[in-house]
Structures are given as C-alpha cells and as structure tokens.
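Accompanying notes for the structure given below.
Nothing in this text is a laboratory measurement; each read-out follows from the coordinates by a stated rule. All values derive from a computational prediction rather than experimental measurement. Positions of Cβ are generated from backbone atoms using ideal geometry, with glycine treated the same way; all protein chains shown enter the neighbour counts.
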Amino acid sequence: MLLNILLSLTAVVAAILILGSLVTFLVERSHYHQTFVQGRVPNPLPQGFHPGKAHVLLDKQVPWLGKSFDRGQQLGFNIFTPLGAKILKIASPFYPKFTVNEEGNTRAYYFKTWVGKGKKDTSVDVLKLDYAAMRENPLFIRIILDEVVEIAPQQYLGKIHVKLLPGFFVTIGYFGLTEQPQEATVGARLHDNLLST
C-alpha cells in the first residue's frame, strides 16, 4: 500500500515537472521573451496606475485592467473590472482587501516590489512583484511571481511565473503595462487604502 502511494506521488510530481517544463519551453519561445530579455529594471520605478494588457490565453481579453504602484512603500495592487471582481470573490471569498475605486473597479491582490535577478533569466535585472510576501493573499495568488522590465520609455513588459512545487516555477505568460502620469493620483491613494483595510 505504501509503495503504491509513493509510486503514485512520484508519478504526479513527474507529470507536474514535465508539463510545467513544456509550458515554460513554449512560452519562452514567443517574441515576448526576446523582448523581455532585452529589457532593464524600470528607472525610475513605476508609480501610480499603469493600464495593462495580458498576453496569455492567445492574447484573449481578460477582466484585468492593470496595476498600481507605490514606489515609496514598495507596494502595489491589481485592478479588475466588476466582472473580474465577481469571479475572484467566488474564488477567494475570505480575501479581506477587495475595495472598489471611484470608477467602480476593484483593487485586489497586493504585492511587494523589489529588484533582483530574473527567476529564469538570471542575466536580467528585473522588478519583482512578490505576492507571497502578502500573507492575506489566497494560496493560488501567493504562488505567483511577476517580473517586470522596461522595454521603452513608459512601456513595461511583465513575465508571469507560477510556483507549482518548492523551487519549481513555470512561466505561463506575459503582460504589458503603460505609464500614465496623469493618473498617478491612483498610486498616491495606495497608502491610505492600505491603512484603511
């Protein structure tokens, strides 16, 4: 019985490693990867709201609007459409930091920011968006690690990693961010929002 359990567990782990490696291989053959490795750490670091576009699921539209950053606090959060918020509240009903902004969109899933070497691209310095550092995030969010580089003035490209096993990250896609200085007040409200939740 114990041997069968161990064999089944080994098979599951092997399947995760093989499938994860295949997904990473395919994702990193895209043109986004070539652009990413030519990027650099954003300088200055992002501040305020940055509209985003997800490059996952064949670039299909998703109910995610972008990210907002607080450079001084080294924090940020995601912004979702009302439809996205409904889905996420079903997936994480006990998450305590869902808040609605003035436009009716929802802030959720905070992250800490720090600069380091790329998880897969160790020769590239990146801005890490670390969801595991925020304990209130649900488990399926804490296993995500985003990395962001600047690819042109006010243009950023992010890479999405998911931790499937200890020390084993799978790259599942990319996202773009665009700086909009006129909306920097969104980021300026981040600190007050954190204090109130």
* Which order do ILE87, ILE172 fall in if you start with the one that has the fewest other Cβ atoms within 10 Å? -> ILE87, ILE172
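Report the calculated FRET efficiency for LYS112 and ILE5 (r = Cβ-Cβ distance, R0 = 30 Å), to the nearest 0.05.
Given R0 = 30 Å and the Cβ-Cβ separation, E is 0.20.
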* To do: Set the Förster radius R0 to 35 Å, insert the Cβ-Cβ distance between LYS86 and ALA14 as r into 1/(1 + (r/R0)^6), and round the FRET efficiency to 0.05.
  => 0.40
* To do: Using Cα positions and a limit of under 19 Å, work out the lysines in reach of LYS117, with same-chain residues fewer than 8 apart set aside.
  => LYS128, LYS159, LYS163
* Neighbour-count order for GLU136, GLU179, fewest beta carbons within 10 angstrom listed first -> GLU136, GLU179
* **Using alpha carbons only: equivalent-ellipsoid semi-axes of the chain, gyration tensor based, whole Å** => 29, 22, 15
* Based on the mean of other Cβ atoms within 10 Å per residue, sort peptides 99-110, 55-66 so the most packed one is first. => 99-110, 55-66
* Could you compute the FRET efficiency for PHE98 and VAL41, with r as their C-beta to C-beta distance and R0 at 25 Å, rounded to 0.05? => 0.25
